[in-house]
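Below is one structure, written out as structure tokens; the observations come after it.
The values are calculated or read from the model by the stated rules, or taken from the named source; none is laboratory data. For clarity, every value in this text was computed on a predicted model and none was experimentally measured. In this analysis, Cβ positions are derived from the backbone assuming ideal geometry, glycine residues included, and neighbour counts consider all displayed protein chains. Remember, those area values only see protein heavy atoms, side chains included, never the ligands or the DNA or RNA. Shrake-Rupley method; radii C 1.70, N 1.55, O 1.52, S 1.80 Å.
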Amino acid sequence: MRTQVGIVGAGPAGLMLAHLLGRAGVESIIVEAKSRKHVEERVRAGVLEQGTVDLMVESGVGGRLRDQGLVHRGLELRFGGRGHRIDLSDLTGGRTITIYGQNELVKDLTDARIAAGGEIFFESDEVAIHGFESDASAIRFRSRGEPREIRCDFIAGCDGFHGVCRASIPSAALKIYERVYPFAWLGILAAVAPSSDEVIYSHHERGFALHSMRSPELTRLYLQCAPEEDLANWSDDRIWGELQARFETIDGWRLRRGPIVQKGVTGMRSFVAEPMRYGSLYLAGDAAHIVPPTGAKGLNLAIADVRCLARALDAHYRGRGDAMLDEYSAVCLRRVWKVQRFSWWMTSMLHRFEDANPFDVRRQLAELDYVTSSRIGAQSLAENYVGLPLD
Ligand code: RFL
Ligand code: PHB
């Protein structure tokens, strides 16, 4: 088989890239390790920046998102037993965020790709990439037991943090920047109406907690836990009790409880691999960088990368030269580092650190007080949260 762009990974990055390339008349084939069902049911991100929503709508895959996405104009920071609203829209000239599950976005993009006749090899085994240092790029894998090879001009490594693409680059050619946090998030999805109209980030002496949602009937909640936390120690009652304690307010706020339909523990890290290109291999999304989820940025960053890559590849195939491909890594990394800074900052401000002394805790509270009482402080948070402008 031959195509122009071979894509590894059918997560948000790989699917959006294939979709944008298809619209530009550039051919691609996706190779994915997991089944379609697995990819479409994976519960992950939920907050879309305005720029991500605009790209979905402009590129013709925003129908369900516009019907079912929950548009939010603000969020709440809760600390010291009080809630403080950050009016995202007022602070950013009318911009908003939209709550829409990553799995729904993945469904929309997969449906669009398949309807457009695009090829996705799900459940591929032994995926390996070759020849990207020279002009002989290829993806080799097994599909239903049969060996396959896709020869291509470019390979897009959209295979997430644990994928094969970044790992195939000689380690001497990459510089890795990393910080692993001494805590994780225990996340649940509960079949109950959200207890608030907006997302709540709560700082509490027992640890951080987050209230989000997926629909008027589904609540998404997270609580800070130990990195090696064993879910077996967390009965539903214990989870609800702990969440209630961490969202407590002086006026007796109550968290609605309901059946827990999904539970999981997610580690927290900041990670960047530079550069995001090696020969004709281009990394995008989690394959190149990870942010802790406190800023709700990972998915949005993945989409920003592939928007840039799709434009650069389009320019290449239209004979407009390779300047954009040459600049791809540097252009993406400028955004990546600003988003790293923001995600690290939100994480540091909101979590409980075991080794923090009383000074550190008072400084955290002062930071929260500043951000919620100064328009300029709040504006900086809001500008980053709704999404920095796309280059
Ligand atoms: P993905 O989604 O990991 O997709 C990579 C795909 O590659 C496949 N794959 C392979 N395929 C072929 N061969 C191989 N050898 C392969 N190895 C892997 C995988 O099966 C998969 O299908 O990466 P992508 O596309 O870069 O997308 C990144 C996002 O998924 C990620 O950044 C976000 O989920 C992060 N994130 C959040 N981001 C936000 O923008 N807003 C949020 O609110 C938000 N909340 C979150 C999050 C991530 C979380 N977890 C579980 C990590 C909340 C959580 C709890
Ligand atoms: C979510 O809805 O899953 C969510 C919301 C905000 C975050 C992370 C995750 O910062």
Q. Could you give the distance between the Cα centres of region 349-391 and region 177-255, to the whole Å?
A. 19
Q | Most fluctuating residue given options 316, 203, 211, as computed from a GNM of the chain linking Cα atoms under 10 Å | A | 316
**Q.** Solvent exposure of the chain as accessible area per residue, Å², 1.4 Å probe
**A.** 44
(Q) Relative contact order for region 9-107: what percent, with Cα pairs under 8 Å and sequence separation of 6 or more? (A) 33
Q: Would you tally the net charge around residue 158, using a Cβ to Cβ cut-off of less than 12 Å, leaving residue 158 out, and scoring K and R as +1, D and E as -1?
A: -3
Q: Using the Karplus curve 6.51 cos²θ - 1.76 cosθ + 1.60 with θ = phi - 60°, work out ³J(HN,Hα) for each residue of region 361-369 in order, rounded to whole Hz, and write x for Gly and Pro.
A: 5, 5, 5, 4, 5, 5, 5, 5, 4
Q. Is it possible to state the helix-based mean residue ellipticity at 222 nm for the chain, with each DSSP H run of 4+ residues giving -39500 (n - 2.57), the sum divided by total residues, to the nearest 500 deg cm²/dmol? What is it?
A. -11000 deg cm²/dmol
Q | Ordering of 146-153, 21-28 by burial proxy (mean other Cβ atoms within 10 Å per residue, highest first) | A | 21-28, 146-153
Q.
So if I take the centroid of the Cα atoms in region 269-327 and the same for region 152-176, what is the distance between those two points in Å?
A. 12
Q) Percent antiparallel among DSSP beta bridges with both residues in the chain, to the nearest 5? A) 75
Q | Test item: Cα-centred dipole of the chain, Lys/Arg +1 and Asp/Glu -1 on Cβ, debye | A | 300
Q) For the peptides 191-197, 73-79, 47-53, what is the packing order when you average, over each peptide's residues, the other Cβ atoms within 10 Å and list the highest mean first? A) 47-53, 73-79, 191-197
Q. With the dipole of region 325-391 worked out from charges on the C-beta (+1 for Lys and Arg, -1 for Asp and Glu) around the Cα centre, which of 377, 388, 332 lies farthest toward the positive end?
A. 377
Q. What percentage of the solvent-accessible surface of region 150-291, computed with a 1.4 Å probe over protein heavy atoms, is contributed by carbon and sulfur atoms?
A. 49
Q. Tally Lys/Arg at +1 and Asp/Glu at -1 over every other residue whose Cβ is under 14 Å from the Cβ of residue 35; what's the total?
A. +1
**Q.** Relative contact order for region 149-261, counting Cα pairs under 8 Å that sit 6 or more residues apart, in percent
**A.** 27
**Q.** FRET efficiency estimate (nearest 0.05) - Cβ-Cβ, residue 114 to residue 363, R0 51 angstrom
**A.** 0.50
Q) How big is the gap, in Å, between the Cα center of region 86-118 and the Cα center of region 22-67? A) 8
Q) Expressed as a whole percentage, what fraction of the accessible surface of region 1-137 belongs to carbon and sulfur atoms when a 1.4 Å probe is rolled over the protein heavy atoms? A) 43
(Q) Please compare each pair in 37/297; 34/297; 34/338; 34/263; 175/297 to a cut-off of 27 Å on the Cα-Cα distance and tell me which ones are over it. (A) 34/338
Q | Relative contact order %, the chain, counting alpha carbon pairs below 8 Å whose residues are six or more apart | A | 21
Q: Mind pulling the angle between the C-alpha long axis of helix 323-350 and the longest principal axis of the chain? Nearest 10 degrees, somewhere in 0 to 90.
A: 20
Q.
Give me, ordered by chain and number, the residues 5 or more places off residue 34 or on other chains with an amide H under 5 Å from its own placed amide H.
A. 123, 124
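Could you compute the net charge surrounding residue 58? Neighbours are other residues with a C-beta less than 11 Å from the C-beta of residue 58; K and R count +1, D and E count -1.
+1
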Q) Any idea how far apart residue 374 and residue 168 come out in nm if each label point goes 7 Å out from Cα toward Cβ? A) 4.8
